[in-house]
Amino acid sequence: MTDSIAADATLAPAKPATRPARPHFSSGPCAKPPGYDPAKLATDVLGRSHRSKLGKQRLQYCIDLMRELLALPDTHRIGIVPGSDTGAYEMAMWTMLGARPVTALAWESFGEGWVTDAVKQLKIDPTVLRADYGQLPDLSAVDWSNDVLFTWNGTTSGVRVPDGDWIADDREGLSFADATSGVFAYDLPWDKIDVATFSWQKVLGGEGAHGVLILGPRAVERLESYTPAWPLPKVFRLVSKGKLTEGVFKGETINTPSMLAVEDAIWSLEWAKSLGAGGLIKRSDANAAALDRIVATRDWLGHLAQDEASRSKTSVCLTVAGADEAFIKTMAGLLEKEGAAFDVAGYRDAPPGLRIWCGATVDTADIEALGPWLDWAYATAKAA
C-alpha cells in the first residue's frame, strides 16, 4: 500500500446492513439476467447434432433474435463463430486485412492486442494511433482510405467512442469494430460499421467460447474479391470458390458449437426482447447513472475516463485515491469475502483501480447498494 494511504489510516466502520442481492459485477463473463435459472433452458437439442434440423433451427433462431434486437439491416449478415469475441475479431483481421493500408486505434488492452496481431502475426505495418488509459486518440486524425481497427467500448479502460460521426460516409477502407462491450448497450450506427464482433458473455450475460461476427456488404465484397497472402486456418475460412460461405450466416457453424451455450444465449435474448425496444440500453444507462451518483459523492473515488462523452456505460473503470495494486487487491478481496461484490478489481494491465460492470443484466438497486460497501472496503483497507 502507498504511504499516503497508510498515513491517513482510520478505524474501519461497521459493515453496511444491506448487501447487493446479486453481487455479480464482473466485466466478463458478466451477471446473468434477473430471473435466470439453468432449469429454464430448453434442452431438446442437447445430445443432438448441431447439423440436425432442430440444431439448425435453434442456431437460426438465435441469429434472428440478435438481428431483431440490434435492429440490424438486411444488408448485414450475422454468424456464430468459435473463440469468443477474440476469435471473431481475429477471423475478420486474418481474412480481410492486407488489401490496403491499415490504421489501428489503441487506448486499452484489447486494442493493443489487435496492434500486436497486425504487426507480429500478419506482418502488416499499420499506422497506430494511441492514447493513455482514460483517454481517446484523436479520431479526426484517422485516414479512411485505410482499413481501421478499433474497439467501440474499451472494456479495460472504460473509454468508448462517443458515436459513429467520426467514421467517414465515403470511406474507402473498412471499419472493424470490436464491439463486445458495446453491442446491446448502445444504439450502433450500422451504416458506419463494416465489421463488428462481440460475444454473448458481455451485455447478454451469456456463456463464453462463442463469438458473433457481423458483416456489412462492403466486408462481403472484400472477402469475395481479395485473397490474403498468408494461409488461413480452417476455423477462419469464410469463402469457398470465391464466394461467401452463406451457410455460416444461417446457423451452419464452421465448427461444433455448444448447443447448451446457444440455448443460454436464446434465453437471454428472449428476456431482452421482453423488455421492448431499447430496454437493454435503458437498463445500462440507469446503472451507469447510479454509479455516477456514487462517484460524485465520494472525494476518494473518480472516473478513469474524464470525458463524460466518451465514458463507458458498461465497463466503468474507477480510480481510488492513493491506491496501488496491493490496495485494490485488498479492497476487492474484502468485498468478495463479504459477498458484497465479486470481481471488481481493474484489469491487470490497467492503472490500479476498480471496474464495475453496469450492463443490462445488473439491477440498478444492486449498484445503489454497492456504494456503502465500497466505503466500508476502502476504510477497512486503509485501517489495515
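Check ASP44 against each of (1) at pLDDT below 95; (2) in a loop (DSSP other than H, G, I, E, B) and name the one condition it does not meet.
(1)
Out of everything in the range 270-292 that is touching a Ser or Thr at 6+ places or on another chain (Cβ under 7 Å) and within 13 Å of THR361 (Cα to Cα), what residue ends up being surrounded by the most Cβ atoms within 10 Å (Cβ to Cβ)?
So, considering only residues that are touching a Ser or Thr at 6+ places or on another chain (Cβ under 7 Å) and within 13 Å of THR361 (Cα to Cα), the one surrounded by the most Cβ atoms within 10 Å (Cβ to Cβ) is ASN287.
Which of the residues spanning the range 224-262 are under 16 Å from VAL212 (Cβ atoms) and acidic (Asp, Glu)?
Answer for the range 224-262, where residues must be under 16 Å from VAL212 (Cβ atoms) and acidic (Asp, Glu): just GLU252.
Scan the range 9-41 for residues that are exposed (fewer than 14 other Cβ atoms within 10 Å of the Cβ), assigned to a loop (DSSP other than H, G, I, E, B) and of a type in the set (A, V, I, L, M) and jot them down.
ALA9, LEU11, ALA14, ALA17, ALA21
Just to confirm my filter: which strands (runs of 3 or more DSSP E) fall fully inside the range 69-134 and include at least 1 residues that are farther than 22 Å from VAL235 by Cβ?
Where strands (runs of 3 or more DSSP E) fall fully within the range 69-134 and carry at least 1 residues being farther than 22 Å from VAL235 by Cβ, they are 102-106, 127-130.
If a residue must be of a type in the set (Ser, Thr, Tyr) and within 22 Å of PRO23 (Cβ to Cβ), how many such residues does the range 178-219 contain?
Residues flagged as of a type in the set (Ser, Thr, Tyr) and within 22 Å of PRO23 (Cβ to Cβ) within the range 178-219 amount to 1.
Return a yes/no flag: does the range 238-260 have any residue that is surrounded by fewer than 19 Cβ atoms within 10 Å (Cβ to Cβ), among the hydrophobic types (A, V, I, L, M, F, W, C) and over 30 Å from LEU97 (Cα atoms).
Yes, there is a match, as at least one residue in the range 238-260 is surrounded by fewer than 19 Cβ atoms within 10 Å (Cβ to Cβ), among the hydrophobic types (A, V, I, L, M, F, W, C) and over 30 Å from LEU97 (Cα atoms).
Is it fair to say GLU172 is part of a loop (DSSP other than H, G, I, E, B), open to solvent by 50 Å² or more (accessible area, probe 1.4 Å) and closer than 21 Å to LYS273 by Cα?
no
Which of the following residues is open to solvent by 50 Å² or more (accessible area, probe 1.4 Å), within 28 Å of VAL119 (Cα to Cα) and either of a type in the set (Asp, Glu) or in contact with a strand residue (DSSP E or B) (Cβ under 7 Å, 6 or more places away or on another chain) (or both): ARG67, ARG100, ARG77?
Just one listed residue meets the conditions, ARG100.
Which condition does MET1 not pass, out of (1) buried (at least 17 other Cβ atoms within 10 Å of the Cβ); (2) of a type in the set (A, V, I, L, M); (3) modelled with pLDDT of 95 or more; (4) over 27 Å from the mean Cα position of the chain (by Cα), if it passes all the others?
Here MET1 clears every test but (3).
Say we look at the range 214-240 and pick out the residues that are among the charged types (D, E, K, R) and either at pLDDT 95 or above or touching a Lys or Arg at 6+ places or on another chain (Cβ under 6 Å) (or both); which of these is farthest from ASP194 (Cα to Cα)?
Looking at the filtered set, the residue picked out is ARG237.
What residue, of THR319, THR330, THR361, is within 21 Å of ALA21 (Cβ to Cβ) and of a type outside the set (A, V, I, L, M)?
THR361
Based on this model, can you work out whether VAL148 counts as in a helix (DSSP H, G or I), open to solvent by less than 30 Å² (accessible area, probe 1.4 Å) and within 25 Å of ALA305 (Cα to Cα)?
no
Applying the selection to the range 349-364, what residues are in contact (Cβ under 8 Å) with a residue 40 or more places away in the chain and open to solvent by 10 Å² or more (accessible area, probe 1.4 Å)?
ASP349, ALA350, PRO351, ARG355, ASP363, THR364 - these are the residues of the range 349-364 that are in contact (Cβ under 8 Å) with a residue 40 or more places away in the chain and open to solvent by 10 Å² or more (accessible area, probe 1.4 Å).
When residues of the range 161-194 are filtered for being in contact with a strand residue (DSSP E or B) (Cβ under 7 Å, 6 or more places away or on another chain) and aromatic (Phe, Trp, Tyr), how many remain?
Of the residues in that region, 1 qualify.
All but one of (1) in contact with a helix residue (DSSP H, G or I) (Cβ under 7 Å, 6 or more places away or on another chain); (2) open to solvent by less than 10 Å² (accessible area, probe 1.4 Å); (3) part of a helix (DSSP H, G or I) hold for TRP267; state the number of the condition that does not hold.
Condition (2) is where TRP267 drops out.
Which ones in the range 53-64 are within 11 Å of VAL262 (Cβ to Cβ) and open to solvent by less than 60 Å² (accessible area, probe 1.4 Å)?
Hits for the range 53-64 are GLY55, ARG58, LEU59, GLN60, CYS62, ILE63.
Is it the case that some residue within the range 253-272 is of a type outside the set (Ser, Thr, Tyr), out of contact with any Leu (no Cβ under 7 Å at 6 or more places or on another chain) and under 30 Å from GLY371 (Cβ atoms)?
Looking for residues that are of a type outside the set (Ser, Thr, Tyr), out of contact with any Leu (no Cβ under 7 Å at 6 or more places or on another chain) and under 30 Å from GLY371 (Cβ atoms), one finds at least one in the range 253-272, hence yes.
For the range 142-161, which positions are touching a Cys at 6+ places or on another chain (Cβ under 9 Å) and among the small types (Gly, Ala, Ser)?
If the condition is that a residue be touching a Cys at 6+ places or on another chain (Cβ under 9 Å) and among the small types (Gly, Ala, Ser), then GLY154, SER157, GLY158 are the ones that fit.
The values are calculated or read from the model by the stated rules, or taken from the named source; none is laboratory data. On a predicted model such as this, the values are computed, not experimentally measured, just so you know. Cβ coordinates were reconstructed from backbone atoms using ideal geometry, including for glycine residues, and neighbour counts include every protein chain displayed. Just the protein is used for accessible areas: all its heavy atoms, side chains included, with ligands, DNA and RNA removed. Shrake-Rupley method; radii C 1.70, N 1.55, O 1.52, S 1.80 Å.
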